[in-house]
Amino acid sequence: MKASKKVLTLFLAAAMVVSAFAGCSKGNDESSSTANESSQSSQAGDSSTEPAGNTGEVTTLDYYISTTAVSGPVTGWLGDYLKENGLALNIIAGSEEKMQAYLAGGDLPDLMSFNTWDSVTKAIAGKMLVNLDEHLDKLPNVTANVPEAIEYTRDNRSNGTGNLYVIPSSIGDSYFPVDTGVYSINVRWDIYEKIGCPKAETLEDLIPIFKQMQEAYPETEDGTKTYAMNLFSSWDGTTKMAAVNNVITTLGYMESFYQYFADLNLETGEINSIFDDDSTYLRALKFFYQLNQEGLLDPDAITQTYEAAKAKVDSGAYVAIGYAGYKDGFNTPEHVDADEPVGYMPIIFDEYKACVIGDATVGSTRNQLGISAVSSKVDACLQYINLTADYDALLTLNNGPQGELWDINDEGEVYATEKYWDCYNSNGGKLTLSNGEELHPGFTYEYVIANTQAHPTYNVPIGIGNWPDVIEGTQKNKLTEAWSDDNDGYMFPIQKMEAEGRVYKRPLAHTLMETTPDDIALLQQAIAQIVIQNSWKMAYAKDEAEFNSLWDDMKTQAEALDVQEVIDWATDSWNKGMEIAKQYVE
């Protein structure tokens, strides 16, 4: 957002629970909840515009949420907080069948959280939604805090009317507090240390390092043979070999843009065919081929599922992991804080550039909030939407009641309370509020502003899990200290990467590309089947002659199917998206 441009990710705020709150378990430290708005607003400054006061009456709204599977009334502390604001929510779990039935019948629940822009378009065309432009006086927080998203939605998501029918959700900046997650190559740092922490300049320089690590740790404690890189085929789908993201996203190229058979360099903006002999796509296939020649590529990769690869990651059976290599299953507290710490940490080779999730300046691509045209409770719906665009209310909605997990000190700074730390360090990590209520996982909501967005008064992300003291207290351990000793004393990898200019966020154009036309989509899928099949064969080719033959065959078939038509469409659509984005970002 232009007004406050520094902090994403499309995090969901939890309703009956501190959902992103890892304060109750060391695995995931982001929080999400609610509480006493009046107590926090007294110290919060001028970050929000006050809505009309509560008259004491409570209005119950039927709220359809496309991304939740749980129906029923919101109760507990969140229910109490909503009642303080004159609101009660009855959740209707979402499904594709339900959405289609609503759109066919035209009788929508009071409040809607859509899952696709296509559904929004159909609802607008069917005159099923309230024109919010006629009620902006009831949405002061929305108009003040997310003006770019409003403008974008009118211009591009109004079915040509130029009116505002929905408010996007999860608006805000992406934020990486520790590292770039799966947009990196993480190595078993304990094994890497044993071979002397050798440095690498290029991607290919990693191969002999991985080989040394494999030789130092040929099998796990249960006898499973070790390999490098957690490749699998179950995410390939109909348009791409997903495993290529292992390379693409660590060399500064756009994640999955190669589904259009093109490399997109985020540093230079250049777009080139993957069939060029110097393409990054071909480089990725050569990397896999070389890994296999060294006995480092898992022979199961071509057939295994994500779940099978994840189980191997969780057991530490890969000496290195990349895209989709979620390391929390192995980086347990017992491992990372052992006397001799064990776990995965990123290896920052010289040409490493991370392509990461971009800022959601105009909101998420789903969960748009709209009000039914037949609702008799429009004012209450407006009040709820406005509440979720209130920075001060969001501190509660994301972190629980003020004075429980968090508070504001005499210097006007937010901080995690002793209760937070007691919870974080307690056996089982269960959180119990002062009234005796234990917070359990419950309904999931979408709020207008993401909990990774910086609060304008406190200059920290809204979600407690991303506050500096919480990050240090929950993420620093003996493993990160070992990593730090070999990386210029930086506490966490993200600090080193940002200082060295290695982080590249996806531009807003990523979400502004046109819907792929049917003819292009059919062509794309036909070519992709050839590309996916030959790409995997190239990874496991017996020698260079077979590798090159498969490459030539792939190029010939793709060109015969007029692959350039797909590349040209994608390039044009991307450039149009970049032009549109200029209207909404600095």
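The values are calculated or read from the model by the stated rules, or taken from the named source; none is laboratory data. Just so you know, these numbers come straight off a predicted model, no measurement behind them. Note: ideal-geometry Cβ built from the backbone for every residue, glycine included; neighbour counts use all protein chains shown. Please note that ligands, DNA and RNA were not included when accessible areas were found on the heavy atoms of the full protein model with its side chains. Shrake-Rupley method; radii C 1.70, N 1.55, O 1.52, S 1.80 Å.
Given Cβ point charges of +1 (Lys, Arg) and -1 (Asp, Glu) and nothing else, what value in debye, to the nearest 20, does the dipole of the range 279-383 about its Cα centre take?
Charge dipole, the range 279-383, about its Cα centre: 660 debye, nearest 20.
Could you pull out which residues in the range 535-571 have an amide N less than 20 Å from a spot 7 Å beyond the Cα of GLN293, following the Cα-Cβ vector?
Within reach of a label on GLN293, which here means backbone N under 20 Å from a point 7 Å along Cα→Cβ, the range 535-571 contributes 535-554.
Mind ordering 342-352, 412-422 by average Cβ neighbours within 10 Å, highest first?
On the way: 342-352: 21.8, 412-422: 16.9.
Per-residue Cβ counts within 10 Å, averaged per peptide and sorted highest first, yield 342-352, 412-422.
Go through 188-198, 173-183 and give me the packing order, highest mean Cβ count within 10 Å leading. Provide the component values of the computation, followed by the final result.
Working: 188-198: 17.9, 173-183: 21.4.
Descending mean neighbour count gives 173-183, 188-198.
Could you list which residues have their amide H under 5 Å from that of LEU89, counting only those 5 or more apart in sequence or on another chain, with H placed in the peptide plane?
Here LEU61, VAL74 satisfy the definition.
I'd like to compare 353-359, 508-514, 164-170, 448-454: which one has the highest average count of other Cβ atoms within 10 Å, and what's the full order after that?
Details: 353-359: 22.4, 508-514: 19.3, 164-170: 25.4, 448-454: 27.9.
Ranking, from highest mean packing down: 448-454, 164-170, 353-359, 508-514.
Within the set LYS505/LYS582; LYS353/LYS555; LYS211/LYS312; LYS240/LYS555; LYS312/LYS496; LYS240/LYS286, which residue pairs have Cα atoms separated by over 23 Å? Walk me through the numbers on the way to the answer.
Values: LYS505/LYS582 16 Å; LYS353/LYS555 28 Å; LYS211/LYS312 18 Å; LYS240/LYS555 15 Å; LYS312/LYS496 29 Å; LYS240/LYS286 17 Å.
Too far apart for the 23 Å limit: LYS353/LYS555; LYS312/LYS496.
What distance in nm separates the simple spin-label points at THR75 and LYS576, each placed 7 Å from Cα in the Cβ direction?
5.1 nm
Looking at VAL585, ALA539, HIS455, which one has the Cα that reaches farthest to the positive end of the dipole of the range 448-586 (charges on Cβ: Lys, Arg +1; Asp, Glu -1)?
Of the candidates, HIS455 comes out farthest on the positive side.
Mean residue ellipticity at 222 nm from the helices of the chain, using -39,500 (n - 2.57) per DSSP H segment of n ≥ 4 over the full residue count, to the nearest 500 deg cm²/dmol?
Numbers: 22 runs with 209 residues, N = 586.
Mean residue ellipticity at 222 nm (helix-derived): -10500 deg cm²/dmol.
Could you work out how far the C-alpha centroid of the range 307-333 sits from that of the range 472-538, in angstrom?
Each part reduced to its Cα centre gives a spacing of 17 Å.
Suppose every K and R has +1 on its Cβ and every D and E has -1 on its Cβ; what is the size of the dipole of the range 69-144 about the Cα centre, in Debye to the nearest 20?
60 debye
Based on Cβ point charges of +1 for Lys and Arg and -1 for Asp and Glu, what charge dipole magnitude is obtained for the range 171-328 about its Cα centre, in debye rounded to the nearest 20?
On the way: 11 positive and 25 negative charges, 44 e Å.
For the range 171-328, the charge dipole is close to 220 debye.
Give the residue from GLN304, VAL362, GLY316 lying farthest towards the positive end of the charge dipole for the range 247-373; charges sit on Cβ (+1 for Lys and Arg, -1 for Asp and Glu) and the dipole is referred to the Cα centre.
So the residue we want is VAL362.
Would you please state which residues of the range 175-208 a label at ASP485 would reach in this model, taking the label point 7 Å out along Cα→Cβ and a backbone N cut-off of under 19 Å?
Within reach of a label on ASP485, which here means backbone N under 19 Å from a point 7 Å along Cα→Cβ, the range 175-208 contributes 187-199.
Could you tell me what percent of the DSSP beta bridges with both partners in the chain are antiparallel, to the nearest 5?
Details: 27 of 45 bridges.
Close to 60 percent.
Where only protein heavy atoms count, and the probe is 1.4 Å, what is the accessible area per residue for the chain in Å²? Write out the running numbers ahead of the final one.
Values: 22980 Å² over 586 residues.
Roughly 39 Å² per residue, with all protein chains present.
How many angstrom lie between the Cα centre of the range 378-415 and the Cα centre of the range 92-143?
Centre-to-centre (Cα) distance: 25 Å.
Compute, for GLU411, the solvent-accessible surface of its heavy atoms (probe 1.4 Å) with the complete set of protein chains present, and express it in square angstrom to the nearest 10.
Surface accessible to solvent at GLU411 totals approximately 140 Å².
Okay, which of the range 243-262 sit inside 20 Å, backbone N to the point 7 Å along the Cα-Cβ direction of LEU561?
243-245, 256-262
Can you return the lysines within cross-link range of LYS83? Criterion is Cα-Cα under 22 Å, with same-chain partners fewer than 8 residues away left out.
Candidates past the 8-residue exclusion: LYS138, LYS377.
Once you sort the root eigenvalues of the Cα gyration tensor of the range 331-381 as a ≥ b ≥ c, which label holds: rounded (a/c under 1.5), prolate (a/b larger than b/c) or oblate (the other case)? Before the final figure, lay out each step's value.
Details: a/c = 7.27, a/b = 2.28, b/c = 3.19.
It is oblate, given that a/c is not under 1.5 and a/b is not larger than b/c.
In whole Hz and in residue order, list the ³J(HN,Hα) couplings for the range 152-157 that follow from phi through the Karplus curve 6.51 cos²θ - 1.76 cosθ + 1.60, θ = phi - 60°; x for Gly and Pro.
My calculation for the range 152-157 gives 4, 5, 4, 6, 10, 10 Hz in order.
Report the full-extension gain for the segment SER234 to THR268: residue separation times 0.36 nm, less the Cα-Cα distance, to one decimal in nm.
9.1 nm
Take the solvent-accessible surface of the protein heavy atoms, probe 1.4 Å, and return the percent of it on the chain that carbon and sulfur atoms account for. Present the calculation step by step, with values, prior to reporting the outcome.
Working: 10640 of 22980 Å².
Carbon and sulfur atoms account for 46 percent of the accessible area of the chain.
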